[in-house]
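Asker: Below: one structure in structure tokens.
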Amino acid sequence: MQDLIRKLLLELGEDPDREGLQRTPARVQKAMSFLTSGYAADIDVVLNDALFTVDYSEMVIVKDIDFYSLCEHHLLPFFGKCHVAYIPRRRVIGLSKIPRLVDVFARRLQIQERMTNQIAETIREKIDPIGVAVVCQGTHLCMSMRGVEKQNSVAVTSAMLGAFRDQARTRMEFLELIKLRGHAGVLPGMPAEAGLACVED
Ligand SMILES: [Zn+2]
């Protein structure tokens, strides 16, 4: 990877041997390895011993989870907040593991829509809840830095499964709790109008 970064610096018209850039290939390699470490993460290890059987069937919400990811079209960051809710059937996930789960999927080359779905589907797969809801709000530097469209726009994506998909009341309760009710009309299913994947040019 360091050779490639050195070549990239040359392609950009830089001098990779000047003082400030000498250690850049090594730093970039370290940073990129960390930012894509989600590929190597094993979900079962991440959730290790944190799945519990309980007699609880009210909504569990973890909101305002910070995420940082890389857009797969431009390799530029997109970042923001992720809100996760589920209604347990018999099993719950230790609360501290939910942000870890978000990290696993954020630390890859992503598009926000897929990341949102992967978080929801993984929770469904691991604890078979009555419903799962995931909403992510992200700022995409590939759009704002390049001056594409609205520079301060925030992309909102959602995945609603089970009761959150089937029952409007449950969905509204969740949206109310994360204060996104104003978006409720657009959220479920997230039509193309959202136009969230960055512009691919
Ligand atoms: Zn992009």
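The values are calculated or read from the model by the stated rules, or taken from the named source; none is laboratory data. In this text the structure is predicted, and so the values were computed from the model without any measurement. FYI the Cβ positions are ideal-geometry reconstructions off the backbone, even for glycines, and counts take in every protein chain you see.
Asker: Kindly provide the set of residues from region 101-134 that are farther than 24 Å from residue 36 by Cβ and of a type outside the set (Lys, Arg), ordered by number. Steps first, please.
Answerer: In the first step, residues of region 101-134 are kept if they are farther than 24 Å from residue 36 by Cβ; the result is 124, 127-133.
Residues satisfying the conditions are 127, 128, 129, 130, 131, 132, 133.
Asker: Ok, one more. Take residue 124 and tell me if it is surrounded by fewer than 19 Cβ atoms within 10 Å (Cβ to Cβ), in contact with a Pro (Cβ under 8 Å, 6 or more places away or on another chain) and at negative phi. Outline the logic, then answer.
Answerer: Details: surrounded by fewer than 19 Cβ atoms within 10 Å (Cβ to Cβ): yes; in contact with a Pro (Cβ under 8 Å, 6 or more places away or on another chain): no; at negative phi: yes.
So residue 124 does not fit the description; no.
Asker: Given (1) without any contact (Cβ under 8 Å) to a residue 24 or more places away in the chain; (2) outside the structural domain of residue 141 (by TED's automatic domain parsing), identify the lone condition not met by residue 25.
Answerer: All conditions are met except number (1).
Asker: From 124, 114, grab the single residue that is free of Cβ contacts under 8 Å to residues at least 40 places away in the same chain and more than 15 Å from the ligand (Cβ to nearest atom). Let's see the steps before the verdict.
Answerer: Values: 114 fails: more than 15 Å from the ligand (Cβ to nearest atom).
Step by step, each of 124, 114 is checked, and only 124 is free of Cβ contacts under 8 Å to residues at least 40 places away in the same chain and more than 15 Å from the ligand (Cβ to nearest atom).
Asker: Let me ask something else. Of the residues 95, 75, only one is free of Cβ contacts under 8 Å to residues at least 40 places away in the same chain, within 16 Å of the ligand (Cβ to nearest atom) and part of a loop (DSSP other than H, G, I, E, B); which?
Answerer: Numbers: 95 fails: within 16 Å of the ligand (Cβ to nearest atom).
Sole residue among the options that is free of Cβ contacts under 8 Å to residues at least 40 places away in the same chain, within 16 Å of the ligand (Cβ to nearest atom) and part of a loop (DSSP other than H, G, I, E, B): 75.
Asker: Let me ask something additional. Suppose we keep only residues that are of a type in the set (S, T, N, Q) and out of contact with any helix residue (DSSP H, G or I) (no Cβ under 8 Å at 6 or more places or on another chain) within region 123-168. Which one would you say is modelled with the lowest pLDDT?
Answerer: Only one residue tops the list, namely 144.
Asker: Separate question: Against the definition (within 16 Å of the ligand (Cβ to nearest atom), assigned to a strand (DSSP E or B), touching a Ser or Thr at 6+ places or on another chain (Cβ under 9 Å) and in contact (Cβ under 8 Å) with a residue 40 or more places away in the chain), how does residue 67 come out, yes or no? Reasoning before the result, please.
Answerer: Numbers: within 16 Å of the ligand (Cβ to nearest atom): yes; assigned to a strand (DSSP E or B): yes; touching a Ser or Thr at 6+ places or on another chain (Cβ under 9 Å): no; in contact (Cβ under 8 Å) with a residue 40 or more places away in the chain: yes.
In short, no.
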